[in-house]
Amino acid sequence: MTDMKKRETLTAGALMAAGATLLPGAGVAASAPRTPFTVAATTIPVAGSDEVFPVRRIYCIGRNYAAHAIEMGSDPSREPPFFFQKPTDAIQYVAPGQVSDHPYPSLTKNYHYEVELVAALSKGGRDIPVERALDCVYGYALGLDMTRRDLQRGMGDQKKPWEIGKSFDHAAPIGPIHRVAQTGHYKHGDIWLKVNGETRQQATLDHMIWSVAEQIARLSQAFELFPGDIIYSGTPENVGPVVRGDVILAHVDGLPELSIKIV
């Protein structure tokens, strides 16, 4: 090893020990950015592996089953799809076979369940054609879009953004992500939800107005999509309230059931 090479090696080692990051193919290192505190990453376990899926953004589609659109006062034959977001740290992971405690949120007296199929993306882009949209999907999970309905409706009545009704701590319970390579795409099959053993929501995935592929294509017209984005794909009719002590059981054919207890 030449003296120059030795000096480069020693310098690189010292910089890395000090928290720097080596640039590929470079003889020097770039300093890693320093932060005053650490923010926890949001991840979801990948079924059948020791990997976790890193969550970048949570997108949700509104009123994507015709009967639910009608019960919410919309005309599903005329409305184009619309989307909203939840904060990434609204994720509450719920392991299969467990009943996880789910805290009743503040400020609401009308707390609603919504069962949904969730698509997780490993690819992204802009203006993605429908015929190529499913190539972006890494896997699927079962999720709940929990909603402070009174706050959502109250803000809507005032013509104000109703983010407060959808975006809060633990607003997005979700099970593990199942890779498409093992399961294929979920286009058919039952989706249902029970509260205390009584069926409240019941439909099939092919009742969606906009398919998962169409949702990805539409979203990519408004946002550049990236790996790590997840999409809550809409809920069937008969959304309704829960109170403390209630136990929710959610189901999509081919995925493990998800259960939470409101506490």
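If I compute solvent accessible area with a 1.4 Å probe over the protein chains, what percent of it on the range 186-263 is carbon and sulfur? Walk me through the numbers before you get to the answer.
On the way: 1560 of 3160 Å².
Whole-percent figure for carbon plus sulfur exposure: 50.
Sort F84, F226 from largest to smallest accessible area, using a 1.4 Å probe on the heavy atoms of the protein chains.
In descending accessible area the options line up as F226, F84.
Would you work out the charge dipole size for the range 87-237 about its Cα centre, treating the Cβ of every Lys and Arg as +1 and the Cβ of every Asp and Glu as -1, and quote it to the nearest 20 debye?
Dipole of the range 87-237, to the nearest 20 debye: 180 debye.
Net charge near Y113: determine it from the other residues with C-beta under 11 Å of the C-beta of Y113, scoring Lys and Arg +1 and Asp and Glu -1.
-1
Fully extended, how many nm does the chain gain between D169 and D157 (0.36 nm per residue separation, minus their Cα-Cα distance)?
2.0 nm
May I ask you to give the percent of accessible area on the range 112-159 that is carbon plus sulfur, with a probe radius of 1.4 Å?
Using a 1.4 Å probe with all protein chains present, the range 112-159 comes out at 47 percent carbon and sulfur.
Measure nothing but the geometry: give the 0 to 90° angle between the long axis through the Cα atoms of 212-222 and the longest principal axis through the Cα atoms of the chain, rounded to 10°.
60 degrees
Would you mind getting the Kirkwood hydrodynamic radius of the range 163-235 from its Cα pairs, rounded to one decimal in Å?
Details: mean 1/r = 0.0671 Å⁻¹.
Kirkwood radius, the range 163-235: 14.9 Å.
Along the Cα→Cβ direction, 7 angstrom out, place labels at E131 and K187. What is the inter-label distance in nm?
If labels sit at E131 and K187, their model points lie 1.4 nm apart.
Counting only residues 5 or more places away or on other chains, whose amide H sits under 5 Å from the amide H of R200 once H atoms are built in the peptide plane?
Sorted by chain and number, the residues that satisfy this are L193, K194, V195.
Could you work out how far apart the two model spin labels at R56 and Q221 are, taking each label as a point 7 Å from the Cα in the direction of the beta carbon, and quote it in nm?
2.1 nm
Where only protein heavy atoms count, and the probe is 1.4 Å, what is the accessible area per residue for the range 176-259 in Å²?
For the range 176-259, the solvent-accessible area averages 42 Å² per residue.
Measure nothing fancy, just the Cα-based angle from helix 3-17's long axis to the longest principal axis of the chain, in degrees from 0 to 90, nearest 10.
With both axes taken from Cα atoms, the answer is about 30 degrees.
Any idea how far the Cα center of the range 207-263 sits from the one of the range 83-147, in Å?
With the range 207-263 and the range 83-147 each reduced to a Cα centre, they are spaced 5 Å.
If you take the charge dipole of the range 119-207 about its Cα centre, with +1 on Lys and Arg Cβ and -1 on Asp and Glu Cβ, which of W192, I177, T147 is farthest toward its positive end?
Farthest towards the positive end: T147.
Among P103, T38, V118, which residue has its Cα positioned farthest towards the positive end of the charge dipole of the chain, with +1 placed on the Cβ of Lys and Arg, -1 on the Cβ of Asp and Glu, and the dipole taken about the Cα centre?
The listed residue farthest towards the positive side: T38.
Eight or more residues apart or on different chains, and alpha-carbon atoms under 25 Å: count the Lys pairs in the chain matching that.
Close lysine pairs found across the chain: 17.
Quick one: accessible area per residue over the range 81-175, 1.4 Å probe, rounded to a whole number of Å²?
With the other protein chains kept in place, the range 81-175 gives 44 Å² per residue.
Limiting things to C-alpha atoms, what are the Rg and the maximum Cα-Cα separation (Dmax) for the chain, in angstroms?
Rg then Dmax for the chain, in Å: 21.7, 76.
The values are calculated or read from the model by the stated rules, or taken from the named source; none is laboratory data. The shown structure was predicted, so the numbers you read here are calculated from the model rather than taken from an experiment. Virtual Cβ from ideal backbone geometry, glycine too; neighbours counted across all protein chains shown. Accessible surface areas use protein heavy atoms only, side chains included; no ligands, DNA or RNA. Shrake-Rupley method; radii C 1.70, N 1.55, O 1.52, S 1.80 Å.
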